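Values in this text are rule-based calculations from the coordinates and carry no lab data. The model shown is predicted, which means the values in this text are computed figures rather than measured ones. Cβ sites come from the backbone with ideal geometry, for glycine too, and all protein chains shown count toward neighbours.
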Amino acid sequence: MSLEIRPDEHAALVDGRPLSLTVRELQLLVSLSAHPQRIMTREELFAAVWGGRPRGDDRSVDVYVSRLRAKLGEALPGRRLIHTHNGIGYRFSPDG
């Protein structure tokens with residue numbers, strides 16, 4: 001099974017079939033996948049997806065990463081593409 005991300009088309013496909021993602025989930029996936037194997041901080045991801053800086057108690061990035069992981073896990077069983085780095089942020093690993 002393969003994941004294809006098409007930012008210009010606002011789409012993500014698994015084996016040619018569209019993956020049902022919200023706009024924010026897709027933006028998060030695009031941001032993470034643009035920098036494979038690089039740990040992106042929550043602040044970087046928030047700026048890329050929501051614009052600006054998060055408030056100190058904002059958990060939006062974590063909530064959306066969790067939702068995105070669940071959808072990717074359902075579409076691509078056995079593959080773990082997004083990795084958590086506690087206290088830092090998240091890393092996209094296409095080799096999952």
Reported set for region 1-33 where residues are part of a loop (DSSP other than H, G, I, E, B) and either closer than 13 Å to L76 by Cα or of a type outside the set (A, V, I, L, M) (or both) is M1, S2, H10, D15, G16, L19, S20, T22
Result of the Cβ filter at 7 Å on region 71-96, keeping first residues that are crowded, with 17+ Cβ neighbours inside 10 Å and partners that are charged (D, E, K, R) and not in a helix (DSSP H, G or I), at least 6 apart or interchain, is R91/R38
Any chance region 27-49 includes a residue that's under 17 Å from D95 (Cβ atoms), of a type in the set (D, E, K, R) and surrounded by fewer than 16 Cβ atoms within 10 Å (Cβ to Cβ)? yes
Inside region 3-30, the number of residues satisfying the requirement of being among the hydroxyl-bearing types (S, T, Y) and in contact with a strand residue (DSSP E or B) (Cβ under 7 Å, 6 or more places away or on another chain) is 0
The number of residues in region 1-46 that are small (G, A, S) and either touching a residue at least 60 places away in the same chain (Cβ under 8 Å) or out of contact with any helix residue (DSSP H, G or I) (no Cβ under 9 Å at 6 or more places or on another chain) (or both) is 3
Taking region 52-66 and keeping residues more than 21 Å from L21 (Cα to Cα) and without any contact (Cβ under 8 Å) to a residue 12 or more places away in the chain leaves G52, R53, R55, G56, D57
